[in-house]
1. On a full-extension model of 0.36 nm per residue, what is the gain between residue 136 and residue 107, subtracting their alpha-carbon distance, rounded to one decimal in nm?
2. Given points 7 Å out from each Cα along the Cα-Cβ axis, report the residue 123 to residue 81 separation in nanometres with one decimal.
3. Spin-label point model (7 Å from Cα, Cβ direction): what's the residue 95 to residue 72 distance in nm?
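Each reported figure results from applying straightforward, stated rules to the coordinates on display, with no laboratory input. Because the structure is a prediction, the values reported are computed rather than measured. In this analysis, Cβ positions are derived from the backbone assuming ideal geometry, glycine residues included, and neighbour counts consider all displayed protein chains.
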């Protein structure tokens, strides 16, 4: 029996990772190959932190809400109250795939202040090797 060994470079396999193609062997018919890679979803952790100020001073007990809109899990929300020094920390975990975008919105308000609440929003592109994302965001109410 005549056997042939295919020597295909790894980079070529990456390009064809989700393709199906056929190779014709002389007088042997057709050979079909289907290459698939495993699941590329992974857990991403977002850590939002900073200090909330009201009128230029640390704002103790302010409500901080984080909305994270993940393509895989939809809208996720976490909330916390600031410490006596105005510091907050919110951590959210979600599933995702590298190169997907996740939109976020951070809102802060103080029930003890008549000042208007504040909002900050943004978007992050998920990276393959960076599964923990830290955002240090100071917030000024009013």
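1. Between residue 136 and residue 107, full extension yields an extra 9.1 nm.
2. Modelled inter-label distance: 3.6 nm.
3. Label at residue 95, label at residue 72, 0.6 nm between them.
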